[in-house]
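Below: one structure, written as structure tokens.
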Amino acid sequence: MRIFHCPVYRCCAKLALDVKSISEDKPSISDASVMEIAIRENRTILTFDRDYGELVFRRGHRPPAGVVYLRIQHFQPDYPGILLLDLINKQGLTFEGQFTVIDEAAIRQRSI
């Protein structure tokens, strides 16, 4: 169960994954409110916003099931969804209980 950005959401929804788009369902809510929804629904957050790391690691906010921070700069609209689906299917990689940072060079994870 995950909360995703719109193009990523559409890509995953086509594959019948259990996804939710905050930007479509509840636009303009705060990051803390997104975290509360993710915690309540046991979802992993996918974001392009580094503020979730601030909330979890610096402010001590209770973390959701996981956070995936896509720190990629210039990309085609479908690229994050394709990248994420590739990573979901990668053996030995899990997002649950992890703060995952994905950039052009590497994937880094830290337990939450």
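The values are calculated or read from the model by the stated rules, or taken from the named source; none is laboratory data. Worth saying up front: this structure is predicted, and the values here are computed from it rather than measured. For neighbour counting, all protein chains shown are included, and Cβ atoms are generated from backbone atoms with ideal geometry for every residue, glycine included.
Residues that are among the acidic types (D, E) and free of Cβ contacts under 8 Å to residues at least 12 places away in the same chain within segment 54-112 comprise E54, D86, listed in sequence order. Check off (1) within 20 Å of L17 (Cβ to Cβ); (2) in contact with a strand residue (DSSP E or B) (Cβ under 6 Å, 6 or more places away or on another chain) for I112 and give me the number that stays unchecked. Result: I112 fails condition (1) only.
Residue selection: R59 satisfies the criterion of being out of contact with any strand residue (DSSP E or B) (no Cβ under 9 Å at 6 or more places or on another chain) and exposed (fewer than 15 other Cβ atoms within 10 Å of the Cβ). Listed by position, the helices (runs of 4 or more DSSP H) inside segment 9-112 whose residues that are within 11 Å of the chain's Cα centre (by Cα) and modelled with pLDDT of 85 or more number at least 1 are 31-40. Per the conditions (1) among the small types (G, A, S); (2) surrounded by 12 or more Cβ atoms within 10 Å (Cβ to Cβ); (3) in contact with a strand residue (DSSP E or B) (Cβ under 7 Å, 6 or more places away or on another chain), the sole criterion not satisfied by G81 is (3). Sub-7 Å Cβ pairs linking a first residue in segment 36-52 that is touching a residue at least 40 places away in the same chain (Cβ under 8 Å) to a second residue that is loosely packed, with under 15 Cβ neighbours inside 10 Å and of a type in the set (A, V, I, L, M), at least 6 apart or interchain, are E41/M1; N42/M1; R43/M1, ordered by first then second residue.
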